[in-house]
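The values are calculated or read from the model by the stated rules, or taken from the named source; none is laboratory data. Predicted model only: the values in this text are computed from it and were never measured. Here the Cβ is made from the backbone with ideal geometry for all residues, glycine too, and neighbour counts use every protein chain on show. Side chains included, ligands, DNA and RNA excluded: accessible areas come from the protein's heavy atoms. Shrake-Rupley method; radii C 1.70, N 1.55, O 1.52, S 1.80 Å.
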Amino acid sequence: MVGFKLDRNIYMKRLILLLFVLLQTIGAISQESQDSVPKRKKVAVVLSGGGAKGMAHIGALKVIERAGIPIDIVTGTSMGSIVGGLYAIGYNAQLLDSLVRQQDWAYVISDREDMSRQSLRDREKQNTYALSYGLTIGKRNENDGGIIKGKNLSQLFHKLCIGYLDSLDFNKLPIPFACVATNIIDNTEYDFHAGRLPQAMRASMAIPAAFSPVRLGDKVLVDGGLRNNYPADIAREMGADIIIGVTVQGAPKTADELGHTLSILSQVIDVNCMNKYDENIAITDVPIRVNTTGYNAASFTANAIDTLIRRGEDEAMKHWDELLALRERIGIDSTFQPTLLTPFSPTILTEKVKLSGVHFINTTPHDEHFIREKFHLDRCDSIDAKQESRIATSMRVDLFYQNADVHTELDSVGYKLIIAAGNKKTSQVHIGFRFDTEEMVALQLNADFPLNTSLPIDADFTLRLGKRTMARTDFTLHPRSFTRPMLSYVFRHNDINIYAEGDRDHNFVYNHHQASLVPINFNVSNFNVKASLRWDYFHFQGRVLSSDARPLTLTADHYFSYRVQANYNSENNWYFPSVGARFKAEYAYLTDNIAQLQDKPGLSDVSAHWRISFPLSQRLTLQPMLYGRLLFGANVPYVFGNKMGGDTFGHYMEQQMPFAGLGHIEHADNHFLGLQMQLQQRIADNNYAILRLSAAQHGDQLKRTFEHKTLLGGQVAYYYNTLFGPLGATLGYSNLTKNFYFCIHLGFEF
């Protein structure tokens, strides 16, 4: 028995030894087999800076994908960092192509607010002033340092990078990524290999003076092109064996081409961007140099983007044979096709989605409680796009959070609602200017001071300088209720010419004081309702009558009026809408002693206009408009009587109604009804040709309104929509004046 046990132990030991030798042999064979298979070389794509010219990168990426080249590393600078960063998280070339074409770049590269998330008053202000600048009182504003703060760019980057918003290692992205910025504290290169991806892209493209820099600790970061506009060396440091580079950097300008300030500034930037350029091109295996002649860093129009993407694709195709030859050098066979990443894109709420939770970022407990209560978030288990928009609007309007962002994120549990407050609204200064052939030059300044008291107050001050002078002060309270009570005072000094059938009839100069108390001021999205009590005082300083002018009595007097107004505007563009509608109606009861007017019943003033836009094609829009003003009462003070002429309501006088074909203000009877048909043709991106036809009836009594000859007028106009407001020329004719008139104007309306 003992011998049997001994033999069994020996047998087991021999069996274990045999298995060990067998496993070692298999491991050695496997290792030898692996060593015999050549490792695939790492490929990097390097994308240069160049502003809008960097759209060409997308076309080049299309060709690289088509050639079946795997991309293991992406580096970029400025626009190259944006395209490269998005590509690194999964936006392939086709998705990037669609993405850049659908953006409103005029909005993205500005600090303008999204019209859909503004009150009507804020929307009007945005379309009145050409320049806006933030003021910080008592502490430094982190967003100072550039004409453009980059608010909309940052918001776009955040939306596109949802899922990659936290601080992270860029080497752990679906494709390892790095981008370059310049630290202007010591003029050194700062390479982003980690951090918050939207912040890295924003810093890399911060063109000095144009965009505010990004502050990161003790660093002040601007456009990386100043130190390394084509970062092939970084790709090599990240382990790239083969580099495919796309550069949109052109040759420096000659002395003859440096004829203006912008060209000189561009040359300074271009010269700095040559730093390290030659060395980095030298280590590039396939350098794709895209010809961007005719375009610059600000060429963000639809036609320019289309052309630049196509040029990038065409230039890359010239290197098609080189790209195919790379496949063998990389170590892949002819059947290999790289796997395209699926992007982690933001949730688009086309219908209600179930919420797993609500998360607030940078809000005070008081403000968080207000939002939860207002939108019943503690009892809300689902949300849609409209609710998202309403919450974001409330964060901005009710709580003064300037960069509030509301979106959903998908996690392992479900969709969570993220409410990020951003910075509190800061004081703003706005500057507008206008030139036209009637008033020549006018300048308007506005300062908006949000007072972050326990009951938030908006203090707004406006000054207009020109032939018509105006000073205005508004104080708006923001209680936690449906209304925004307002108190305002306006002083106007007007110098007005009134015409009769095309000839100047009289001129009068007067001062107008106006104070309003608005207890009801209700805003919901595109809709506003006001109820107010108003006091007006007119003091006339002089008048000049023509020889055949009708008698005119002007006396200083006080007036009190009760007013109710409804205003709706869903148009997609303030000056050149293609869809949407605009409606405004007001009823006023005018007195001189709270109850009566000149010891008789007060004057009832009913006015309204309604316009809707019908898109006939992608560029052609039909816009019919009905409008009118009816005055009921025995006495109608001259300063409240109907006036007509010009293109807009209330441009020269509050009661002025537009009429195509009349270039000056004409008197109209107490009951006025008008119809306007407008045909608007968009040409290219920012050019508009407009035809307006008007018809109107007016009379001293409502029943006699249609007894008089119908007024007819027409107008053709051409506008170029500039950053400083529309630049236009207008030619008109009417059967009232029987004369043509021509006018030129530049700037926003005020």
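All other residues with a Cβ under 10 Å from the Cβ of A566 taken together, and with Lys, Arg as +1 and Asp, Glu as -1, what is their net charge?
Numbers: positive: K530, K584; negative: E586.
Overall, the nearby charge balance is +1.
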W574 accessible area, assembled protein chains, probe 1.4 Å, Å²: 50
H366 accessible area, 1.4 Å probe, all protein chains in place, Å² to nearest 10: 110
Semi-axis lengths (Å, descending) of the ellipsoid that matches the C-alpha gyration tensor of the stretch 139-252: 23, 18, 13
For H513, solvent-accessible area (1.4 Å; no DNA, RNA or ligand), Å²: 50
Proximal lysines relative to K62, as straight alpha-carbon distance under 17 Å, when same-chain residues fewer than 8 apart are discounted: K53, K318
Rg to Rh quotient for the stretch 626-750, alpha carbon positions, Kirkwood Rh: 1.01
Within straight-line cross-link reach of K276, aspartates and glutamates at Cα separation under 12 Å, skipping those fewer than 8 residues along the same chain: E189, D233
Residue pairs, from the table K352/K424; K386/K416; K530/K600; K159/K416, whose Cα atoms sit over 19 Å apart: K352/K424; K530/K600
Extent along principal axes [Cα atoms of the stretch 527-650; Å; largest to smallest]: 55, 40, 23
Partner lysines for K738 [C-alpha distance under 28 Å; skip if fewer than 8 residues away on the same chain]: K467, K643, K703, K709
Average projection area in nm² (convex hull over Cα atoms of the stretch 484-535, one quarter of hull surface): 5.7
The stretch 426-509, accessible surface, carbon-and-sulfur percent (1.4 angstrom probe): 66
